[in-house]
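See below for the structure under consideration.
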Amino acid sequence: MASTRNNKQAQIKEIIKCGKDPTYFFNKYVKIQHPTRGAIPFKTYDFQDNCVNDFRKNRFNIVLKSRQLGLSTITAAYAMWMVLFHKDKNVLIIATKLAVAQNFIKKCKFLLSSCPRWLILPQIVKNNSQALEFNNGSQIKAIPTSDDAGRSEALSLLIVDEAAFVRNFDTLWTGLYPTLSTGGEAIVLSTPNGVGGQYYDLWVYAEKGENIFNPIKLTWDVHPDRGAQWFEDETKNMTQKQIAQELLCDFAASGETFLRVEDIEYIRDWISTPIDRWGPDMGVWVWDYPLTEKKYVISADVSRGDAGDYSTFHVIDTEASHIVAEYQGKLPPDRFAQLLAEAGKRYNNALMCPENNSYGYAVIMKLKELDYRNMYFQKDNDRYNYLYGNKDISKIGFQTNAKTRTQILTKLEEVLRTRQVKIRSSRLYEELKTFVW
């Protein structure tokens, strides 16, 4: 009888110790599933222990990681520790696909099944391919991404797996962040996927100490079993992009962004708040007012006005090569033409250069009706004929097609790389960050 009582007391002490120290719990009682060796004891590496310590010290953690470091396993184990040893914990895992979400729950179940029975105090009351729920009020649920994923939850811990590859993660994060307002925690982890996007932004600002996230960077060599020979063997059949993405945690080399990362960051450094706003929905942003001695040009990209794309224009100081004003919004072509004419008149009858195919043609027709005369022509003869001849509007502006698109993009990349144009717009910066080949 005394032996049984002593055994019970020892078990209670172990339960309390495991509840206080997740690393002790993992290494003493948990097993993981190895792809070739089957079930093996979970002996954590130093970098995994450091991650767990960071998870406990910081409410918000963002992890930039190499492949195959066991981060999903340690994160699943941390989630399982939280719900087993704490009441009323709501853990949500968001993954890129349903199969990935289900695999996370599968890992949690295996971790749970490897523990001795006496250590598991709460009973399972719900068990399916995407959820585990216990009678202590705690649960783990894994779901694939959608725009409203997790919005109705009050979360204790949010885990976003491969966040750089999550579609519309910016919209998703906007909806999820309020669910953590009552003290919830977040672990956002991913390999890099090029420059731009919500995950990239969160990481960059975390590194600079400009947001609430604690940054954790784990390149391939944090693993004690990986050395120079391992890296050489692993990368023999990999492209530079794959190496950058899978092993080096390099945003710039991992993606297919149109601009180099240093050019994008240069643009970011010039962003400033507009000194004025006017027009529909205050959509025209102004950084410099017009000066009488200056000449200006306006480039315009036209959309239908009621679909996904925006109509935009930029007013450029031709001497300083600064963007002095910008519009982004959704207007029908005739109203967009009126706005262009107004901007042109404000900026010394600026040279107007609209796109002249598709909806741009309707804008040009309206500009002609408004008698806006300083229009761009590729050839002087066409300008002369328009002003003094047959008023043929087909030569006004620029054509966007397969040939000219390449020319336009090549020139755009050149002027941005060589710092010939100063951009101060946060809207344009956001577009350029996610502009890919």
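The values are calculated or read from the model by the stated rules, or taken from the named source; none is laboratory data. Fair warning: this is a prediction, and the values are worked out from it, not measured in the lab. For neighbour counting, all protein chains shown are included, and Cβ atoms are generated from backbone atoms with ideal geometry for every residue, glycine included. These area figures cover heavy atoms from the full protein model, side chains too; ligands, DNA and RNA do not enter into them. Shrake-Rupley method; radii C 1.70, N 1.55, O 1.52, S 1.80 Å.
Applying the Karplus relation 6.51 cos²θ - 1.76 cosθ + 1.60 with θ = phi - 60° to the range 350-357 yields 3J(HN,Hα) values of 4, 5, 9, 10, x, 5, 10, 10 Hz, where x marks Gly and Pro.
Between the listed residues Ile159, Ile62, Leu84, the Cα displaced farthest toward the positive end of the dipole of the chain, a dipole computed from Cβ unit charges relative to the Cα centre, is found at Leu84.
Charge dipole (Cα centre; +1 on Lys/Arg Cβ, -1 on Asp/Glu Cβ; no other charges) of the range 307-437 amounts to roughly 100 debye.
Can you give the FRET efficiency for Trp270 and Arg56, using 1/(1 + (r/R0)^6), R0 = 41 Å, r = Cβ-Cβ distance, to the nearest 0.05? Calculated value: 0.55.
When the charge dipole of the chain is built from unit charges on Cβ atoms (+1 for Lys and Arg, -1 for Asp and Glu) and taken about the Cα centre, the candidate among Thr73, Asn7, Tyr200 whose Cα reaches farthest toward its positive end is Asn7. Considering only Tyr361, Met375, Ser321, the residue lying farthest towards the positive end of the dipole of the range 316-383 is Tyr361, judged by Cα position with unit charges set on Cβ.
For the range 152-224, the set of GluC sites (Glu not before Pro) satisfying both a DSSP loop assignment and a count of at most 11 other C-beta atoms within 10 Å is given as Glu210. Each of Ser66, Ser72 has its accessible area taken with a 1.4 Å probe; listed largest first, they run Ser72, Ser66. Entry note, the chain: the mean residue ellipticity at 222 nm calculated from DSSP H runs of n ≥ 4, each adding -39500 (n - 2.57), is -11500 deg cm²/dmol after division by the residues and rounding to the nearest 500.
Given R0 = 22 Å, the distance between the Cβ atoms of Thr239 and Arg260 translates into a calculated FRET efficiency of 0.75.
For the range 155-200, with all protein chains present and a 1.4 Å probe, just round the carbon and sulfur fraction of the accessible area to a whole percent. On the range 155-200, the fraction of accessible area on carbon and sulfur atoms equals 46 percent. Charged side chains reduced to their Cβ positions (Lys and Arg at +1, Asp and Glu at -1) give the chain a dipole of some 1620 debye around its Cα centre. Checking every one of the trypsin sites (Lys or Arg not before Pro) in the range 275-362 against DSSP loop status and a limit of 14 other Cβ atoms within 10 Å picks out Lys295. Restricting the range 268-351 to GluC sites (Glu not before Pro) that sit in a DSSP loop and have at most 15 other Cβ atoms within 10 Å of their own Cβ leaves Glu293, Glu319.
Relative contact order of the chain: 13 percent, from C-alpha pairs under 8 Å at least 6 residues apart in sequence.
Going by the alpha-carbon gyration tensor, a ≥ b ≥ c the square roots of its eigenvalues, is the range 111-256 rounded (a/c under 1.5) or, if a/c is not under 1.5, prolate (a/b greater than b/c) versus oblate? Oblate, since a/c reaches 1.5 and b/c is not below a/b. Counted as membrane-span-like here are DSSP H helices of the chain whose alpha-carbon atoms extend 18 Å or more along the helix's own axis and whose Kyte-Doolittle mean is 0.0 or above; these are 71-85, 98-113.
Basic side chains Lys and Arg get +1 at the Cβ, acidic Asp and Glu get -1 at the Cβ, and with that the dipole of the range 1-134 about its Cα centre reaches some 160 debye. FRET efficiency for the pair Thr404 and Asn128, taken as 1/(1 + (r/R0)^6) with r the Cβ-Cβ distance and R0 = 51 Å, rounds to 0.40.
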